[in-house]
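The values are calculated or read from the model by the stated rules, or taken from the named source; none is laboratory data. On a predicted model such as this, the values are computed, not experimentally measured, just so you know. All Cβ positions, even for glycine, are placed from backbone atoms using ideal geometry, and neighbour counts span all protein chains on display. Note: areas computed on protein heavy atoms with side chains; ligands, DNA, RNA excluded. Shrake-Rupley method; radii C 1.70, N 1.55, O 1.52, S 1.80 Å.
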Amino acid sequence: MRTLLHSISPFPRTGKAVTETSRTKPKACFLPHLKKNPTLSLKKHVCAFSTTSQDEISPETTTFSFPDLKNFRKVNKKKLTDAYQLFEEMADKGLRPAPSLAKNLIYSLCSRGLVRKAVRVVEIMLSSGTLLSESICTFIIENLSNIGAYEYAIQMLDEMEQRGCTIDPDAYHTLTMFLCRQAATSQVWPYLDKLIQKGLAPINSYVIASLLEAAHLQGGADLAVSVLYQMLLKGCEPNLVCYNNILTAFKKENRANEALELYEALPPHMKSNLITHNILLNALGDQGRWSEAEALLDNMMERGIMPNIVTYKVLILVIANGGYPDEALEIAEELGRNGFRTDAWCFNPIITQFSSERRLDMVHKCLESMDRWNCPVNSGTHRAIAVLCDKNMVEEAFGILESLRERQGVNLHWFYGKVVLPYLCHKGNTFEAFQILTKLSQVGYAPNSQTVSSFVIGLCMEGLYEEAIEMFEVMDKYNVQPDVSNYNKLVSGLCNGGRTDLAILALERMVIKGYEPTESTYVEIIEGIGCQGRRDLAGELLKELYARGCVSEESMEKISLKFCLADVAV
């Protein structure tokens, strides 16, 4: 059997840059390794994140009581409001709250979305000298984090510490995890950095791994390495998942040399993980360093680290993306012949590359190969075919998609309206989706409001905000009546993209057209203004809309906490 790399001229050693002229075409497809690999193994990493049980608040001597709220999840709102008002009245008279009943009030308020009132109860208890239990501290921080009130949560933690409360590490970990989940879409690093600088070293490897991933999203691989260094100085012991996150960060920035250096520095017991080697293979392949990738693969197998289907998918991806789809297809074919269970993700990158090269015959060959090895197509396959549209081959792309639809025996509107067009839009391929929609209009297809929403979301994701607004003119062209959901998607997309000015114009257009904005429409506008730093304006608008009944009490409380709007009445 032919080999892939034996005739490739040597690449520079690790540490030297790989120039474009030093790249060499792989002649085959890492095929010899398939014969050496008798088994498949994928080591799964499962990390658990546990929370503490809820303890009672330490009782105080001078207390008052109010209506029983033991079944706090079933308490009606009027009874809950009465209890809260009585709580405030008694506190104003200098009476100390009964800890157990105050605890139930906090749980009840949070269960009904009245988090700000719950925070007010906590503040009253702290000012009265009541020490909160660890479980209450964790509970209120979790609720603040859940609504995005990160700044307020950190202030609350500071206040609890100053009042002498014992803070469970889970409270800090909970806040850290919520912040990490928002790292891809929000500038949350100042809050995370403040937690780190306070000396709150995450002792949970799962938390550290999430923190490193967030650092990469917010500041690149260098920030992630800096955070890892700080964690090590604080005595933390990152596990392999943490180091894999750093390796992945280097890979995404085409810094294979640094990834290899980090790998060499790992303890011996961390160097036998298949996932780690897959990341390194990906990093080397992205830079066209085939000889080094093959050497790494040989070394893996000599040490008993056998490649699995994921390893070969990585190789297929980097070889196809590197401009060698024929060689990548040979790997996929050989996988099938050697009994590996292949799927669409083995072939999608190959089809994508063939489509970008306008090699229609090879696109068909890939689809035939998928049939031969019982690999059903998926949305990724549709997207790969749609690349033809970008190469002025709309007719050909539409013909292939139609053949796939007919073979599946599905309805035209369902196939394109529910599957193809939404997926393309959500993946940043709205241009290709528009071309397919134009072709569809020639065969009697009319987009519905859901299709329009997909285009609005996709255009906003790509930063094409004016074009997203123009989609409503497209709806007029196709005689499609927009609905409130379409406008809400537009307002949401504009606000998330920092274009609250356009969102307000969209709201005006919505009202002129006779549509009644929903509460979510107003909430998106207010939060958009707040995220742009205009908290004063956000507070004024919130008060006005709340007074008009356009925004519920629950939403008012969440927004006021999220942006620290102290002057908005509770």
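Given (1) open to solvent by 60 Å² or more (accessible area, probe 1.4 Å); (2) at pLDDT below 85; (3) within 17 Å of Ser127 (Cβ to Cβ), identify the lone condition not met by Ala98.
(1)
Given (1) in contact with an Asp or Glu (Cβ under 9 Å, 6 or more places away or on another chain); (2) in a helix (DSSP H, G or I); (3) of a type outside the set (Ser, Thr, Tyr), where does Met160 come up short, assuming only one miss?
Here Met160 clears every test but (1).
Within the range 462-485, is there a residue that is out of contact with any Leu (no Cβ under 8 Å at 6 or more places or on another chain), assigned to a helix (DSSP H, G or I) and of a type in the set (Ser, Thr, Tyr)?
yes
Tell me, yes or no, whether the range 438-451 has at least one residue that is farther than 24 Å from Ala538 by Cβ, open to solvent by less than 50 Å² (accessible area, probe 1.4 Å) and touching a Lys or Arg at 6+ places or on another chain (Cβ under 8 Å).
no
Working only within the range 163-181, note down all residues that are assigned to a helix (DSSP H, G or I) and surrounded by 18 or more Cβ atoms within 10 Å (Cβ to Cβ). If you could, list the steps in order and put the result at the bottom.
Within the range 163-181, the first condition is being assigned to a helix (DSSP H, G or I), and the residues that meet it are 169-181.
Correct list: Asp170, Ala171, Tyr172, His173, Thr174, Leu175, Thr176, Met177, Phe178, Leu179, Cys180.
Anything in the range 302-330 that is closer than 25 Å to Pro268 by Cβ, in a helix (DSSP H, G or I) and either of a type outside the set (A, V, I, L, M) or modelled with pLDDT under 95 (or both)? List them, or say none. Before you say what the answer is, go through the steps one by one.
Initial filter on the range 302-330 (closer than 25 Å to Pro268 by Cβ): 302-308, 310-311, 314.
Next, only the ones that are in a helix (DSSP H, G or I) stay: 302, 310-311, 314.
Glu302, Thr311, listed by residue number.
Would it be correct to say that Ala184 is small (Gly, Ala, Ser), farther than 21 Å from Asn239 by Cα and assigned to a loop (DSSP other than H, G, I, E, B)?
yes
In the range 475-503, what count of residues is obtained for those that are β-branched (Val, Ile, Thr) and surrounded by fewer than 16 Cβ atoms within 10 Å (Cβ to Cβ)?
The initial filter retains those residues of the range 475-503 that are β-branched (Val, Ile, Thr), namely 480, 484, 491, 500.
Narrowing further to those that are surrounded by fewer than 16 Cβ atoms within 10 Å (Cβ to Cβ): 484.
Here the count works out to 1.
Can you name the condition, by its number, that Cys236 falls short on among (1) closer than 29 Å to Cys531 by Cβ; (2) assigned to a loop (DSSP other than H, G, I, E, B); (3) touching a Pro at 6+ places or on another chain (Cβ under 8 Å)?
Cys236 satisfies every listed condition except (1).
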